[in-house]
């Protein structure tokens, strides 16, 4: 055997050994067997419940002929407008309120803690029961809200869920009411993580009240606030419960969002591929949001 052939075999053996060392680390024998035994269930769960649904969904919604049919549907046009309004108002109003309320709950005192406990209750209650209750409260004939308006002010209430804009407004307000406590807690935790010496130094320098918030608190919370906003936007794009249980997408499919339209197309119209296509039409917005979120998470150690 020539010297070149021996050297080639040696290099191949070294590469195999390095590859095995990379996969196995410092584990040997039974240790490596146990490691594989513990990892395999997680790999199986990931492939079954994450990778397979994603690949299958892309395959179902990947047919180009679906999208001309989807885009020519006038209900889809309304759905896109509803989704944009839902995102713009639902996310921004909710996060702005959460930022303000997190400052309020920073106040010391037992009464503040008691109020915080009460404030968190809407988020702690299950979504389905909450939204079904709101749906019946807004009933135009004998709902709780219209009864209160009539008994206190002798005013005939609106048929809230029978008009597009009042129904969509009810959906947006309900979402804000439901999820503002959660994001308030996140931002409150961020405020509490600001070192005391920074706040004390700011007070000595006269940065109190609004000035302290503008020049000290918000710059330190900016990264956390942006990450929460991105996460809230991604979550809201896939929201189904709020619209379905409050307005049902009505009247006449005028308050559908992409999440509920996909379910309608898949089950009510018995066209699963069109339903997946409706949901996948949000990917041009979701993918950039995920990329920005990943980049912000990499730099999260720089700020709070």
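What to note about this one:
- In terms of its alpha-carbon gyration tensor, region 170-267 comes out prolate; a/c meets the 1.5 threshold, and the first ratio a/b outweighs b/c.
- Ranking of 291, 132 by count of other Cβ atoms within 10 Å, fewest first: 291, 132
- Between helix 74-104 and the chain: long-axis angle, C-alpha atoms, 0 to 90°, nearest 10: 90 degrees
- Exposure proxy order (Cβ contacts within 10 Å, fewest to most) of 42, 86, 225, 32: 42, 32, 225, 86
- Sorting 154, 77, 175, 159 from the fewest to the most surrounding beta carbons within 10 angstrom yields 154, 77, 159, 175.
- Relative to the longest principal axis of the Cα atoms of the chain, the long axis of helix 110-124 makes an angle of roughly 80 degrees.
- Plainly put, the chain has a radius of gyration that is 1.12 times its Kirkwood radius, both from alpha-carbon atoms, as the Rg/Rh ratio.
- Cα long-axis angle, helix 30-46 against the chain (0 to 90 degrees, to the nearest 10): 40 degrees
- Cα-based shape type of region 42-100, given that a ≥ b ≥ c are square roots of the gyration tensor eigenvalues and the cut on a/c is 1.5: oblate
Coordinate-derived values only; no laboratory data. What you are looking at is a predicted structure, and each value in this text was computed from that prediction instead of being measured. When we count neighbours, we look across all protein chains shown, and the Cβ atoms used for this are built from the backbone with ideal geometry, even at glycine.
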